[in-house]
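Chemist: Shown below is the structure under consideration.
The values are calculated or read from the model by the stated rules, or taken from the named source; none is laboratory data. Quantities reported herein were computed from a predicted structural model and do not represent experimental measurements. Heads up, the Cβs are rebuilt from the backbone with ideal geometry, glycines too, and the neighbour counts pull from every protein chain shown.
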């Protein structure tokens, strides 16, 4: 996922892109069945869809409307008002394409507008992962009306994806933590732009978001973000909303949760699980068996559908990142 913010007088334009896991050759391969030159259109109250076939355009448009309502109710407790202008959705659908998407919009003096969305992937992944992810970005943008911290925006939007996509993030998280690519929370919370190595931010942001939501719920998570964006004193709001005295303490509690097999760890590996921080060594983790988190059902405890992990490759095109 990538969001780039470009400032201009009185406004901020945001580009938010879903980064899927796919081979470079699949993203670059020309395919007549994903061309939009002969795309079919479908119009709903809030979306105008262009897709390879009329049936796909209708299916994507109706799904987008349903997700727009259900995800807004799930996260903020009520549906969003109808937009003044519909959001165009350009859809490329083919089994040869990796899951990915991009959404753009503009913040201007407390308003948000200028929605545009692109989605790509197989029909299944577009409908059950890419579209929910991108629609959740619009819910957060409409609710907060300002850019969110990168880790929280991408992390929360990943929680609504299909289990197979979440499973990929879980496997990548453990890989990153065991190879020194984890991001210390003091650095991650301060990020306003994406790092060069973007995937660790996605995996770690998703895992931390799930950790906070499982322990305290979505409403507390939104209040935590709104409070923190007022002065960016994340140590203060972490203590106020979650009871941790510092980001470092939260970091180690989260690591303990990950070590407790949420997500499932590859216990056959002897590599340590730790963050890439020369100045903040990992401290012993508190016993979670007596904590409230131990009593919470976890999505990570469920049996995830197996999903192959193809070689990682990046394609940079038009200011967006596709993987």
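Chemist: Out of the range 221-235, which residues are surrounded by 14 or more Cβ atoms within 10 Å (Cβ to Cβ) and without any contact (Cβ under 8 Å) to a residue 60 or more places away in the chain? Write out each step before concluding.
Modeler: At the first step, the residues of the range 221-235 found to be surrounded by 14 or more Cβ atoms within 10 Å (Cβ to Cβ) are 221-229, 234-235.
Answer for the range 221-235, where residues must be surrounded by 14 or more Cβ atoms within 10 Å (Cβ to Cβ) and without any contact (Cβ under 8 Å) to a residue 60 or more places away in the chain: 223, 224, 227, 234, 235.
Chemist: Does the range 53-69 contain any residue that is closer than 21 Å to residue 146 by Cα and either at pLDDT 95 or above or not assigned by TED's automatic domain parsing to the domain that holds residue 139 (or both)?
Modeler: There is at least one residue in the range 53-69 that is closer than 21 Å to residue 146 by Cα and either at pLDDT 95 or above or not assigned by TED's automatic domain parsing to the domain that holds residue 139 (or both).
Chemist: Just give me the residues in the range 160-171 being without any contact (Cβ under 8 Å) to a residue 40 or more places away in the chain and part of a helix (DSSP H, G or I), in sequence order.
Modeler: 169, the sole residue that qualifies.
Chemist: Can you tell me how many residues in the range 122-147 are at pLDDT below 95 and either closer than 17 Å to residue 209 by Cβ or crowded, with 20+ Cβ neighbours inside 10 Å (or both)?
Modeler: Selection size over the range 122-147: 1.
Chemist: When you look at residue 148, is it farther than 30 Å from residue 56 by Cα and not assigned by TED's automatic domain parsing to the domain that holds residue 104, yes or no? Steps first, answer last, please.
Modeler: On the way: farther than 30 Å from residue 56 by Cα: yes; not assigned by TED's automatic domain parsing to the domain that holds residue 104: no.
For residue 148, the condition - farther than 30 Å from residue 56 by Cα and not assigned by TED's automatic domain parsing to the domain that holds residue 104 - is not met.
Chemist: So, in the range 53-65, exactly how many residues are out of contact with any strand residue (DSSP E or B) (no Cβ under 6 Å at 6 or more places or on another chain) and in contact (Cβ under 8 Å) with a residue 60 or more places away in the chain? Working first, answer last.
Modeler: Quick first cut of the range 53-65, residues out of contact with any strand residue (DSSP E or B) (no Cβ under 6 Å at 6 or more places or on another chain) only: 55, 59, 62-63, 65.
Keeping just the survivors that are in contact (Cβ under 8 Å) with a residue 60 or more places away in the chain gives 59, 63.
Selection size over the range 53-65: 2.
Chemist: Further question: Can you name the condition, by its number, that residue 35 falls short on among (1) under 21 Å from residue 147 (Cα atoms); (2) touching a strand residue (DSSP E or B) at 6+ places or on another chain (Cβ under 9 Å); (3) at pLDDT below 95?
Modeler: Checking residue 35 against (1) under 21 Å from residue 147 (Cα atoms); (2) touching a strand residue (DSSP E or B) at 6+ places or on another chain (Cβ under 9 Å); (3) at pLDDT below 95, the one that fails is (1).
Chemist: Could I ask something else about it? Which condition breaks for residue 181 when tested against (1) in a helix (DSSP H, G or I); (2) assigned by TED's automatic domain parsing to the domain that holds residue 251; (3) surrounded by fewer than 22 Cβ atoms within 10 Å (Cβ to Cβ)?
Modeler: Unmet condition: (1).
Chemist: Restricting the search to the range 40-52, which residues are touching a residue at least 40 places away in the same chain (Cβ under 8 Å) and in contact with a strand residue (DSSP E or B) (Cβ under 7 Å, 6 or more places away or on another chain)? It would help to see each step written out before you state the result.
Modeler: Kept after step one, since they are touching a residue at least 40 places away in the same chain (Cβ under 8 Å), are these residues of the range 40-52: 43-52.
Answer for the range 40-52, where residues must be touching a residue at least 40 places away in the same chain (Cβ under 8 Å) and in contact with a strand residue (DSSP E or B) (Cβ under 7 Å, 6 or more places away or on another chain): 46, 47, 48, 49, 50, 51, 52.
Chemist: Which condition number does residue 167 fail, the rest of (1) closer than 27 Å to residue 63 by Cβ; (2) in contact with a helix residue (DSSP H, G or I) (Cβ under 9 Å, 6 or more places away or on another chain) being met?
Modeler: Of the numbered conditions (1) closer than 27 Å to residue 63 by Cβ; (2) in contact with a helix residue (DSSP H, G or I) (Cβ under 9 Å, 6 or more places away or on another chain), the odd one out for residue 167 is (2).
Chemist: Being in contact with a helix residue (DSSP H, G or I) (Cβ under 7 Å, 6 or more places away or on another chain) and under 21 Å from residue 253 (Cβ atoms) is the filter here; which residues of the range 189-201 pass it?
Modeler: Residues satisfying the conditions are 189, 191, 200, 201.
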